1. May I ask for the net charge around LEU214, where only other residues with Cβ less than 15 Å from the Cβ of LEU214 are counted and Lys, Arg are +1 while Asp, Glu are -1?
2. I'd like to know which of ASN166, GLY143, SER82 lies farthest towards the positive end of the charge dipole of the chain, counting +1 on Cβ of Lys and Arg and -1 on Cβ of Asp and Glu.
3. Taking the Cα atoms only, what angle lies between the long axis of helix 190-222 and the longest principal axis of the chain, rounded to 10 degrees?
4. Can you tell me the orientation of helix 291-307 relative to the chain, as the angle in degrees between its alpha-carbon axis and the longest Cα principal axis, to the nearest 10?
5. By counting other Cβ atoms within 10 Å of each Cβ, how are ILE197, ILE157 ranked from fewest to most?
6. Could you compute the net charge surrounding THR147? Neighbours are other residues with a C-beta less than 15 Å from the C-beta of THR147; K and R count +1, D and E count -1.
7. Suppose every Lys and Arg Cβ carries +1 and every Asp and Glu Cβ carries -1, with no other charges. What dipole size does the stretch 68-185 come out with about its Cα centre, to the nearest 20 debye?
8. How many lysine pairs are close in the stretch 11-161, with Cα atoms under 24 Å apart and the two 8 or more places apart or on different chains?
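Readers should treat all values here as calculations from the given coordinates under stated rules, not as data from a laboratory. If you're wondering where the values come from, they're calculated on a predicted model, not measured in any experiment. Virtual Cβ from ideal backbone geometry, glycine too; neighbours counted across all protein chains shown.
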Amino acid sequence: MSGMLSQTTSHNTPKESPAVQALQRALANNHLGHALLLYGENLTSLEQIALDIIGTLLETETVLTHPDFFALRPTGKMRQISVENTRELIRKIQHSPLQSARKVALIYEVDRMHLSAANAFLKTLEEPPADTTLLLLTTHPHGILPTINSRCIDFRIPCKQQPINNEMWTSWLGDYADWMSKASTPGLNTRARADLILQAYGLTFRFSHCLDALTNELWEQDQESLPETLSEEERLALKTGKAKGLREQLLLEIEISTRDFALKHEAFTKLTRIIDSLEHLRGLLKTNLNESTALEAFFLSSLRVWAAK
């Protein structure tokens, strides 16, 4: 496979954005607040901003190994932040700083916090121990409990996501565009429809193969930068999250490809119906429906729309 995954998942986080500038001013004036919620489209970009803030607070360039830095992450394939791990974090930040003037805790994907964990965290979030800053990250702000959100100062961190630059995926998108062209040909006979259904099954299989290959390549690249202290359960949750994030990006590029094709052929009504089908696909995947089954249903629905007079 031709990789170039460093560009595949690249994102631009403008340092001059109003949110980042506001954070920098607050840092400089020592008015940062004790609980911050950073949200945006990409967790890696949010983490980079958070680690920059933490590095300034702790006056260090090695945040991840600093004794006054604490992290709380989802664990397991279900990617949940458990009440047990939350209580362990609360216990750790009760102690005085060991090296710096303060302590900092970073909570990754706070929207994955179990209800019991969120309830256990509320009092600490509202009144953290002295000299403690809490940073919360999420790419799904609407999934956070209002009681969590209301106790934080929130900042939206803009992030422009770049198209996936991968030969295997580029080939897939080209074949998908060709499939749409054939599916929208007037007067399709039974044999042509059958051929398109077979091609759709092939595209479904290749989609899963692309996703697995891209996830594995990205995971291999990330290994060197991951903290050695991560548990196996945390690593599993992180890899699962990356796979879901990549899948969402692939679906977004399918949407863009569909839109470009439909606009070129002035098929505005059909575009609306197919985008609705794609949104339905996303909803099915969130319920953990089998990926191939959901994609097959999308292709069959799309075929009916494109072939309609």
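1. Working: positive: ARG206, LYS239, LYS242, LYS244, ARG247; negative: GLU167, ASP212, GLU217, GLU220, ASP222, GLU248, GLU253, GLU291.
Its environment carries a net charge of -3.
2. GLY143
3. That works out to roughly 20 degrees.
4. The answer is roughly 40 degrees.
5. On the way: ILE197 15, ILE157 21.
Arranged by neighbour count, lowest to highest, ILE197, ILE157 become ILE197, ILE157.
6. Numbers: positive: LYS123, ARG151; negative: ASP111, GLU126, GLU127, ASP154.
Cβ neighbours under 15 Å give a net charge of -2.
7. Details: 14 positive and 12 negative charges, 54 e Å.
Approximately 260 debye in magnitude.
8. Numbers: LYS15/LYS160; LYS92/LYS103; LYS92/LYS123; LYS103/LYS123.
Total qualifying Lys-Lys pairs in the stretch 11-161 comes to 4.
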